[in-house]
Amino acid sequence: MKVTVSRRAHFNAAHRLYRPNWSDEKNEAIFGKCNNPHYHGHNYELIVSVTGEVDPETGYVVDVKILKDFIKSEIEDTLDHKNLNLEVPEFKHKNPTAENIVIFIYNKLKVVLEDDLDLEVTLYETPRNFVSYSGK
Ligand code: NI
């Protein structure tokens, strides 16, 4: 029997979406407000879901304390209160869209979790706009 264990987390970060090889007009048309040259912030909400067998000894799929510590060390310490374009090397030449951020988060957590656990990450950029990634 597989059970999914989820934990919520949060970080604030600033970003700008643009392509330097596009005209100002095209960047404005495609990225709108997220193209603001002075950057802007989002309150990102995160749901990390881990699915696996319940360990018969502990009764856990994953120790939530350990999951919480991974989210802190791998995600919050890397992204919270950062300018994603300027301070996170991954986004130096890649747009920090919600899609690219959720893949980044998934990849950082996947390598520190046990191999037999399935991972899904959902990232809210606004209360109404959110993306999910499970490595497919
Ligand atoms: Ni934005």
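Can you give the Kirkwood hydrodynamic radius for the chain, in Å, rounded to one decimal and based on Cα pairs?
16.0 Å
In what sequence do Ile30, Ile105 fall when counting other Cβ within 10 Å, fewest first?
So the residues, fewest neighbours to most, are Ile30, Ile105.
On a straight-distance basis, which aspartates and glutamates could pair with Lys2 in a cross-link, Cα separation under 18 angstrom, same-chain partners fewer than 8 positions away excluded?
Within the straight-line cut-off, Lys2 pairs with Glu53, Asp55, Glu57, Asp63, Glu114, Asp115, Asp116, Asp118, Glu120.
Nearest 20 debye, what's the magnitude of the dipole of segment 29-136 about its Cα centre given +1 on Lys and Arg Cβ and -1 on Asp and Glu Cβ?
On the way: 11 positive and 19 negative charges, 163 e Å.
The calculated dipole for segment 29-136 is roughly 780 debye.
Roughly how many Å is it from the Cα centre of segment 10-56 to that of segment 95-136, as a whole number?
12 Å
How far is it, in nm, from the label point at Asn21 to the one at Lys136 when both lie 7 Å from their Cα along the line to the Cβ?
The two pseudo-label positions are separated by 3.1 nm.
Nearest 0.05, what FRET efficiency do Ser6 and Lys94 give at R0 = 30 Å with Cβ-Cβ as r?
Rounded to the nearest 0.05, the efficiency is 0.65.
Could you tell me the relative contact order of the chain? Use alpha-carbon pairs under 8 Å, at least six residues apart, and round to a whole percent.
In percent, rounded to a whole number, it is 30.
I want to verify a result. In a Gaussian network model of the chain, Cα cutoff 10 Å, which of these has the top mean-square fluctuation: His81, His38, His15?
His38
Neighbouring Cβ atoms within 10 Å as the yardstick, rank Lys94, Lys2 fewest first.
On the way: Lys94 15, Lys2 10.
Ranking Lys94, Lys2 by Cβ neighbours within 10 Å, fewest first, gives Lys2, Lys94.
If you take the charge dipole of the chain about its Cα centre, with +1 on Lys and Arg Cβ and -1 on Asp and Glu Cβ, which of Ile101, Leu67, Ala29 is farthest toward its positive end?
Of the options given, the answer is Ala29.
Looking at segment 1-132, send over the antiparallel percent of its DSSP beta bridges, to the nearest 5.
For segment 1-132, the DSSP antiparallel bridge percentage is about 90.
Can you flag which of Lys65/Lys136; Lys33/Lys94; Lys68/Lys108; Lys26/Lys82 are past 24 Å Cα-Cα?
Lys65/Lys136; Lys26/Lys82
Coordinate-derived values only; no laboratory data. As the structure is a computational prediction, the values presented were derived from the model and not from experiment. Note that we place each Cβ from the backbone using ideal geometry, even for glycine, and neighbour counts take in every protein chain shown.
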